[in-house]
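Q: Before I ask anything, let me first share the structure, which is written out below as structure tokens.
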Amino acid sequence: MNKIVSFMTSYKDDSQNTKIFIYLISILALINILSIFPDLYSIYSKNGIISESLNSNFVSADKIKVSTLTENIISLTSIEYKYAFIIPFYLYIISLIMILLNYWKILFAIIVIFLHTVFLNSAYLLSYGADFMIAFLLYINLFFCIEDQIKVESYKGIIFSFAVRLMQIQLCIIYFFGGFGKVLGFDWLDGNAIWLCVNHYLDEKVINSFFAHIPKFIYQLASLHVTILELLFPIFVFLSKNIRKWTVINIIIMHIVIALVIKIYTFSIAMLLFNIIAFYPGKFSILMKYLDEKRSVIFKQKNKNNEVTT
Amino acid sequence: MMDSSFIITFILKFSMKKNTWIFFIFFILIFHAIVSITNNIYSLGYFKDIKKIALNPVGKIYAQIVPTDTSYYPDIIMYYSNYAGIDRGYAFYSPNLNRNKIEYSFTTNSTNTPIPISFNTKESNVKYMSMSINLTNMFDNRKKRNKLVKDISIFMLNQNKEIKDMNFIVSVRRIRLLDEKYQGNKKSINAYNIKKLNTHE
């Protein structure tokens, strides 16, 4: 029991962290929904690019979808489809704003998780890594919101530590299975994978002018590096502080390269946030303190200047 | 500012001892880890269905032992996975990448002009791109592929009312592997096949 207690409570929240993480995760989710807002009708509506019948091939009928909510809203209020359709999305945005404004954040965190899952269930073929990572981050956000609301001193920090541990475990699972899938085939081991990726996502002119001139062994090294890094991630991050640091730096570089080459920025930002919160939860508060100090120095300097001029 | 802290305080003070609380969240941690690992093991079960996947000896052994029957999966695990965002596997770009670069375009029947898919934002286009990858993955499943192509063409016909029917053009280009590239083949991608499917019904 003592081991469980020390494992679960080893991360201390220095009061700033929880709030910062809630803000960062909520802002990421807000940016994500706003970045597709003009196309919501094309993605999720009954007249969207994917029909409900095709979507039902991938998502079981008992899972709640946007169409389920829309039908219920119409039967309750008798409003037009286009208005009923948009209500869940406005509710999602309002809930995120409420979390940011610190107003009944646990309730709104639950609403956000529910609605995000409904959106995922409604567009299976149009959802990708970023949507799933944000879904998990929103789930974690609920625990941060609970931690933020705990006022009993002896219970403070437990949920925070649990949420950080949960994120670490989830990241280990994500990277391990990412690497495991890769070692079952040939492309990642013989080095063709990165070269094929470049060809899939980039224009032929860009490939011929730059990527085709990179020596073969660079592609082979990069493919093997990614495979080993992912497969052994769960071991590397718990071996020693130094190995953890270099592993996380490597992972961060990998996600930055993914963002630049494949241009899936939301996914990369979500993964960067995920990794830093999970393994370096104290870094954000250090950054905030540094910015606060800088701000107060600038503020004092301005006051001095004003006194001199008057 | 109004908040829900009094509910949390009530639950903690009057219903749970600290150790019970720690044990409870430790249980959630273990439950989560088991569910997530199980989902990932099952997610690689598609290896069994697709004969064309090139697997190395380790992959072949895994394909033989991986379970695929999820019918006995308890509902609570299905719902937990769904709401915690962990119901899909993480083996991205695995075990191999497609040797063929497949590009899709829709053209009018009469003028053969390509019709662009009209999404307004970059993020929506990323979603469309991920759907194209899904379309590539289901290319051998004629029924699902035709249904997806039909859905997209109906969507586009609704957006472009002046067009009466259209063609779906698939351009398949084989990507040279690294060994071929360094044996002197200068062209990076060789087009070798174009299919045409009329989407009008």
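Q: For B:164, B:48, give the ranking by accessible area with the largest first, probe 1.4 Å. Kindly include the intermediate steps, with their values, before the conclusion.
A: Working: B:164 150, B:48 90 Å².
The ranking, largest first, comes out as B:164, B:48.
Q: Accessible area per residue of the protein assembly as shown at 1.4 Å probe, in Å²? Could the numbers behind the result be given before it?
A: Numbers: 25490 Å² over 511 residues.
About 50 Å² of surface per residue is accessible.
Q: For the peptides A:232-241, A:276-285, what is the packing order when you average, over each peptide's residues, the other Cβ atoms within 10 Å and list the highest mean first?
A: Numbers: A:232-241: 14.6, A:276-285: 17.7.
Averaged packing, sorted descending, gives the order A:276-285, A:232-241.
Q: Moving on to the next point. Calculate the FRET efficiency for residue B:122 and residue A:221 from the Cβ-Cβ distance with a Förster distance of 45 Å, rounded to the nearest 0.05. Intermediate values should be presented prior to the final figure.
A: Details: r = 31 Å, r/R0 = 0.70.
E between residue B:122 and residue A:221, to the nearest 0.05, is 0.90.
Q: If you don't mind, there's one more thing I want to ask. Can you tell me which of A:217-229, A:51-63 comes out highest on packing, and rank the rest after it, using the mean Cβ neighbours within 10 Å?
A: Numbers: A:217-229: 17.2, A:51-63: 13.9.
Top of the packing list down: A:217-229, A:51-63.
Q: Roll a 1.4 angstrom probe over the protein heavy atoms and tell me the percent of accessible area of segment B:2-108 that is carbon or sulfur.
A: Values: 4000 of 5870 Å².
That fraction is 68 percent.
Q: Tell me which lysines have Cα within less than 21 Å of residue B:48's Cα, excluding those fewer than 8 residues away on the same chain?
A: Reachable lysines: A:182, B:60, B:143, B:144.
Q: Per-residue Cβ counts within 10 Å, from other chains only, averaged over A:148-160: what number is that? Walk me through the intermediate numbers first.
A: Numbers: counts 4, 7, 5, 7, 7, 0, 4, 9, 0, 0, 5, 3, 0.
So the per-residue partner count for this stretch is 4.
Q: May I pose another question? Sort A:213, A:200, A:255 by heavy-atom solvent-accessible area, probe 1.4 angstrom, most to least. Before the final figure, lay out each step's value.
A: Numbers: A:213 135, A:200 50, A:255 5 Å².
Result, largest first: A:213, A:200, A:255.
Q: With the cut-off at 19 Å, tell me which of the pairs A:12/A:151; B:101/B:147; A:156/A:289 have Cα atoms farther apart than that.
A: Values: A:12/A:151 15 Å; B:101/B:147 21 Å; A:156/A:289 21 Å.
From the list (A:12/A:151; B:101/B:147; A:156/A:289), the Cα-Cα distance tops 19 Å for B:101/B:147; A:156/A:289.
Q: Based on the alpha-carbon gyration tensor of segment B:1-45 and its eigenvalue square roots a ≥ b ≥ c, which shape applies: rounded if a/c is under 1.5, prolate if not and a/b is larger than b/c, or oblate? Before the final figure, lay out the partial values.
A: Numbers: a/c = 6.39, a/b = 2.23, b/c = 2.86.
The shape class here is oblate.
Q: How well do other chains shield peptide A:128-134, expressed as the mean number of their Cβ atoms within 10 Å of each residue Cβ? Kindly include the intermediate steps, with their values, before the conclusion.
A: Values: counts 9, 4, 4, 4, 6, 2, 1.
Per residue, the average neighbour count from other chains is 4.
Q: Taking a probe of 1.4 angstrom, what is the accessible area of residue B:83 in Å², to the nearest 10?
A: Counting only protein heavy atoms, the figure is 60 Å².
Q: Given a 1.4 Å probe and every protein chain left where it sits, what share in percent of the accessible area of segment A:180-245 is carbon and sulfur?
A: Values: 2330 of 3240 Å².
Summing carbon and sulfur atoms, their accessible area is 72 percent of the total for segment A:180-245.
Q: Between A:275, A:47, A:17, where does the largest GNM mean-square fluctuation fall for chain A, given springs only between Cα atoms within less than 10 Å?
A: It is A:47.
Q: Here's a follow-up. Suppose we compare each residue of segment A:47-96 in its chain alone and in the full protein complex with a 1.4 Å probe; which ones drop by at least 50 Å² of accessible area?
A: A:49, A:54, A:63
Q: Something else about it: In whole angstrom, how far apart do the alpha carbon centroids of segment A:281-310 and segment A:106-122 sit?
A: Spelled out, the Cα-based centre of one part sits 39 Å from the other.
Q: Another question, then. What is the dipole size for segment A:1-121, taken about its Cα centre, with +1 at each Lys and Arg Cβ and -1 at each Asp and Glu Cβ, in debye to the nearest 20? Please list the in-between numbers first.
A: Numbers: 8 positive and 7 negative charges, 58 e Å.
About 280 debye.
Q: Right, next: Show A:246, A:195, B:21 ordered by accessible area, largest first, where the area counts protein heavy atoms only and the probe is 1.4 Å.
A: Numbers: A:246 150, A:195 0, B:21 25 Å².
So, going from the largest accessible area down, we get A:246, B:21, A:195.
Q: Using only protein heavy atoms and a 1.4 angstrom probe, determine the accessible area buried between A and B, summed over both sides, in Å² to the nearest 100.
A: Working: alone 18310 and 15810 Å², together 25490 Å².
Chain pair A/B: roughly 8600 Å² of buried accessible area.
Q: Using a cut-off of 11 Å between beta-carbons, work out the net charge of the residues near residue B:127 (Lys and Arg +1, Asp and Glu -1, residue B:127 not included).
A: Details: positive: B:122; negative: A:39, A:131, B:123.
In short, -2.
Q: Another question, if that's okay. Can you list the trypsin sites (Lys or Arg not before Pro) in segment A:1-54 that are in a DSSP coil and have 16 or fewer other beta carbons within 10 angstrom?
A: Details: sites: A:3, A:12, A:19, A:46; in loops: A:12, A:46.
Passing both the DSSP loop test and the Cβ count: A:12, A:46.
Q: Would you tell me the mean number of C-beta atoms belonging to other protein chains that fall within 10 Å of each C-beta in A:169-182, as a whole number? Provide the component values of the computation, followed by the final result.
A: Values: counts 6, 7, 0, 3, 8, 7, 1, 3, 12, 7, 3, 10, 14, 6.
Other-chain Cβ atoms within 10 Å of each residue's Cβ, averaged: 6.
Q: With every protein chain left in place, what is the accessible area of residue B:79 in Å² (1.4 Å probe, nearest 10)?
A: 90
Q: Continuing with the same structure: In square angstrom, rounded to the nearest 10, how much accessible surface does residue B:119 have for a 1.4 Å probe?
A: Using a 1.4 Å probe on the heavy atoms, I get roughly 20 Å².
Q: For a quick protection proxy, order the peptides B:22-34, A:116-128 by their average other-Cβ count within 10 Å, most packed first. List each step's numbers first, then the result.
A: On the way: B:22-34: 14.7, A:116-128: 22.4.
Ranking the peptides B:22-34, A:116-128 by packing returns A:116-128, B:22-34.
Q: Over segment B:16-116, what relative contact order in percent results from Cα pairs under 8 Å that are six or more residues apart? Working shown, then result.
A: Numbers: 50 pairs, mean separation 28.3, N = 101.
Over segment B:16-116, the number comes to 28 percent.
The values are calculated or read from the model by the stated rules, or taken from the named source; none is laboratory data. Note that the structure is predicted; figures quoted are calculated from it, not measured. Note that each Cβ is placed from the backbone with ideal geometry, even for glycine, and that neighbours are counted across all protein chains shown. Calculation scope for accessible area: heavy atoms of the full protein, side chains included, ligands and nucleic acids excluded. Shrake-Rupley method; radii C 1.70, N 1.55, O 1.52, S 1.80 Å.
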